[in-house]
Every structure is written in C-alpha cells, then in structure tokens.
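Participant: Can you read through this structure? Questions will come right after.
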Amino acid sequence: MSRARKRRDFAPKKLPAQARSQATFDALVDACTGLLPRRGYAGTTTNHIAQRAGVNIASLYEYFPGKDAIVAQVAERLVERVMGRLEEGAARVLRAGGKDAVRLWIELIHETVAREHDLVAVFMVEVPFTSHLDPIREIGARLVDFSRAVRRGAGGSIRAELDGASLQLLINLVSSTILQIVLEPPKDVTRRELLDELTRRVEAWLRAPVSKGAARP
C-alpha cells in the first residue's frame, strides 16, 4: 500500500462544519477511545463504535471511510493530550531550577504516559499502522522541542552545546525506558529504582562540565 493510499485511508471523509455534526464526530472518536482498551484493536468494529456513540452506522460512514480512520483520530487526540500535559507541567519543571529539573522532567513524562497506559498499550502492541500515523511520527520532534525548552530553563547546569542529534538520542533513551517501565515493568527492579537510575544517567549526560577555574562543590 502506497504512502498516499495510507494517508487517505486514515483521513476522515469530511470534517464537521456545525456544532451538531461536531458532536457526532466527537462521539464516534470518544467511543473508539473507550472501546480500544476494552476490546482491543481487532475486536473493535465500526458497529461497536456506532452503537457506543449512540449513532447509526450510516452516520459513521458519512464522516469516516472505516475503523482505521477513527483510530487515527484517536491517536491524534492522544498525542495532543500527552503534549498538552507536558506543556502544562513544563512550568513546574522550570520553576524547580537546574538541580531538580531533570528529575521532574523524567517524572512528568512518566506520569503522562502512565496516565494513558491502556490506550498507549493498544497503539504500541496491537494497531498495525501506528508508525504510519503522522501525529505519532511527529511526537519525537515535538519532544525534542519540549526538551530544549526545559534545557533553556534549567540554566547553566545543563550543557548548552547539545545539538539535535544528542537531544534525539536522549529522547529515545528516556522514551523507550519509560515505555518499558509503564508497559512491561521488570519484576526484579522497582519502578522507583528505574526512574532514579534513568535520572542519574541523564543528569550525567546533560551536566555542564565544571571549568578548571571553578570551585568544585
């Protein structure tokens, strides 16, 4: 299947133009959001979605070509919720200053992902086209931008010369570790131990080097 074909299959047939149609559109997306963690991707059908949304199946197909386009909307709203919560929490991270910024940054990402545990699990494990969805593909770059803002707010305790490649590697380390903690936590290590060790590793990577003339603590 071509990339253009995939994008067309994932796009709504039309977007709502009035409040009533917007309510129907939102009800369908919300219904799918609730069904995916309960029934799984394979077990969720357009009939299930329409029934839960309280609309007839013809109304569903008025807006969407099929289930996958609704699932794509669920993914888009999931990403927006995650990024919105990170942006809201960024002020708390920045207020903490350099000493605690990294720890709070990692805690914030973990708490935000954990809050969406069931839905994240469906997209990571069951949905076969997750990596083809634009909002999912773009989340890495958005996390890099978010991390740049945290770095600027952390002041001189964070290395200023980190480039895009370094930040991308850092995001990959943090996000993959947090996804493991949330979705497949190891039995012999606690969540707290993993988060603490991740914080130490990231702090060591990010810590600004002490100049030769500076007094060490």
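The values are calculated or read from the model by the stated rules, or taken from the named source; none is laboratory data. Note that the structure is predicted; figures quoted are calculated from it, not measured. Quick reminder, even Gly has a Cβ in these numbers, built from the backbone with ideal geometry, and neighbours come from all protein chains shown. SASA here: full protein model, heavy atoms, side chains in, ligands and nucleic acids out. Shrake-Rupley method; radii C 1.70, N 1.55, O 1.52, S 1.80 Å.
Participant: Modelling each spin label as a point 7 Å along the Cα-to-Cβ direction, I'd like the GLU76/ALA42 distance in nm, to one decimal.
Facilitator: Distance between the two pseudo-spin positions: 2.8 nm.
Participant: How much length would be gained if the chain were fully extended between VAL144 and ARG115, taking 0.36 nm per residue of separation minus their Cα-Cα distance, in nm to one decimal? Could you put the intermediate results ahead of the total?
Facilitator: On the way: separation 29, 0.36 × 29 = 10.44 nm, distance 2.09 nm.
Stretched fully, the VAL144-ARG115 segment lengthens by 8.3 nm.
Participant: Here's a follow-up. Assuming R0 = 25 Å, what is the FRET efficiency of ASN56 and GLU126, from their Cβ-Cβ distance, to the nearest 0.05?
Facilitator: Working: r = 27 Å, r/R0 = 1.08.
The calculated FRET efficiency here is 0.40.
Participant: Using r as the Cβ-Cβ distance of SER21 and SER166, and R0 as 41 Å, what FRET efficiency do you calculate, to the nearest 0.05?
Facilitator: Numbers: r = 46 Å, r/R0 = 1.13.
E(calc), rounded to 0.05, equals 0.35.
Participant: Multiply the residue gap between LYS187 and ASP100 by 0.36 nm, knock off their C-alpha separation, and tell me the result in nm, one decimal place.
Facilitator: Details: separation 87, 0.36 × 87 = 31.32 nm, distance 2.79 nm.
Gain on extension, LYS187 to ASP100, equals 28.5 nm.
Participant: What number comes out for accessible area per residue over the range 1-144 if the probe is 1.4 Å? Units Å², please.
Facilitator: Working: 7400 Å² over 144 residues.
Value for the range 1-144: 51 Å² per residue.
Participant: Considering only protein heavy atoms and a probe of 1.4 Å, how much of the accessible area of the range 54-142 is carbon and sulfur, as a whole percent?
Facilitator: Numbers: 2110 of 4090 Å².
Of the solvent-accessible surface of the range 54-142, carbon and sulfur hold 52 percent.
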